[in-house]
1. Output the residues belonging to the range 150-180 that are without any contact (Cβ under 8 Å) to a residue 12 or more places away in the chain and within 20 Å of residue 31 (Cβ to Cβ).
2. Kindly indicate the residue of the range 53-64 that is modelled with pLDDT of 95 or more and open to solvent by less than 30 Å² (accessible area, probe 1.4 Å) and also farthest from residue 154 (Cα to Cα) among those meeting that condition.
3. For residue 67, which of the numbered conditions (1) surrounded by fewer than 18 Cβ atoms within 10 Å (Cβ to Cβ); (2) in a helix (DSSP H, G or I); (3) modelled with pLDDT of 95 or more fails to hold?
4. Starting from residues that are open to solvent by 10 Å² or more (accessible area, probe 1.4 Å), touching a Pro at 6+ places or on another chain (Cβ under 9 Å) and at pLDDT 90 or above, keep the ones in the range 166-180 and report whichever is farthest from residue 103 (Cα to Cα).
5. Regarding residue 85, is this residue in a strand (DSSP E or B) and touching a helix residue (DSSP H, G or I) at 6+ places or on another chain (Cβ under 9 Å)?
6. Output the number of residues of the range 88-98 satisfying the condition of being β-branched (Val, Ile, Thr) and outside any strand (DSSP E or B).
7. Picking from 137, 147, which residue would you name as being in contact with a strand residue (DSSP E or B) (Cβ under 9 Å, 6 or more places away or on another chain), in a strand (DSSP E or B), more than 17 Å from residue 25 (Cα to Cα) and open to solvent by 50 Å² or more (accessible area, probe 1.4 Å)?
8. Only one of these is farther than 16 Å from residue 166 by Cβ, in contact with a Leu (Cβ under 9 Å, 6 or more places away or on another chain) and in a loop (DSSP other than H, G, I, E, B): 109, 121. Name it.
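The values are calculated or read from the model by the stated rules, or taken from the named source; none is laboratory data. What you see is a predicted model; the values in this text were computed from it and never measured. Ideal geometry is used to build each Cβ from the backbone, glycine not excepted, and the neighbour counts take in all protein chains shown. Surface accessibility is based on the protein's heavy atoms, side chains included, excluding ligands, DNA and RNA. Shrake-Rupley method; radii C 1.70, N 1.55, O 1.52, S 1.80 Å.
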Amino acid sequence: PPSSDENLAWLETDPTPAAVLVPIVQAREPAVLLTKRTPHLNAHAGQVSFPGGRIDASDADPEAAALREAEEEIGLPPSAVCLLGRLRKHITSTGFCITPVVGVIPPGLPLRPSPEEVEALFTLPLAVLLDPSCPKREKAFLRGRWREYWVWPHPEFHIWGATAAILLQLAALLRQQAHK
């Protein structure tokens with residue numbers, strides 16, 4: 001796949017630092033927790049995403065930003081997250097440099113999505129991520145140019161763009177670990 005660094009050529013300013021939490025629910029059938037953003041937001045309205053956002057000056061690091069945003073967006077207590085590490089940064093064509101922070105959370109947490117930011121919470125099973133036939137490439141004319149992007153199958157939600165690319169990184173890492 002093309003590197004997210006190629007998006008730098010299309011940006012008119014330096015990308016804004018951001019962080020997302022990639023929460024893996026440690027259930028009997030592990031899954032990645034995702035959100036669908038509300039349709040009225042200014043950026044990425046109605047899209048599937050991880051909890052996250054801009055890194056504030058008050059955030060000590062991307063991990064702190066990801067945990068803060070997850071608590072604000074879905075009511076996930078930072079103490080419930082066991083951080084595992086970071087994936088490669090992902091630069092979006094909309095001007096963000098995202099640091100994905102992977103963490104494990106227990107099943108059954110009483111999460112409270114913010115009605116201002118989150119329309120729905122849902123999961124994507126790790127079994128789907130481990131299936132190499134699942135991610136597909138699609139092509140569309142977006143913001144004045146043809147773009148190719150990854151899409152992950154889900155019966156209800158369209159998982160594409162930066163979220164799909166970050167999931168692809170996670171899938172590659174998990175598959176690599178499974179073969180060791």
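1. At the first step, the residues of the range 150-180 found to be without any contact (Cβ under 8 Å) to a residue 12 or more places away in the chain are 155, 172, 176-177, 179-180.
Listed by number, the residues that qualify are 155, 172, 176, 177.
2. 59
3. So the condition that residue 67 fails would be (1).
4. The first filter runs over the range 166-180 and keeps only residues open to solvent by 10 Å² or more (accessible area, probe 1.4 Å), leaving 168-169, 172-180.
Retained after the next criterion (residues that are touching a Pro at 6+ places or on another chain (Cβ under 9 Å)): 168-169, 175.
If we keep only those that are at pLDDT 90 or above as well, we get 168-169.
Values: 168: 16, 169: 14 Å.
Going through the qualifying residues, I end up with 168.
5. Numbers: in a strand (DSSP E or B): yes; touching a helix residue (DSSP H, G or I) at 6+ places or on another chain (Cβ under 9 Å): no.
No; evaluated as a whole, the condition is false for this residue.
6. Residues flagged as β-branched (Val, Ile, Thr) and outside any strand (DSSP E or B) within the range 88-98 amount to 2.
7. Working: 147 fails: open to solvent by 50 Å² or more (accessible area, probe 1.4 Å).
It is 137.
8. Details: 121 fails: in a loop (DSSP other than H, G, I, E, B).
Being farther than 16 Å from residue 166 by Cβ, in contact with a Leu (Cβ under 9 Å, 6 or more places away or on another chain) and in a loop (DSSP other than H, G, I, E, B) holds for just one of 109, 121, which is 109.
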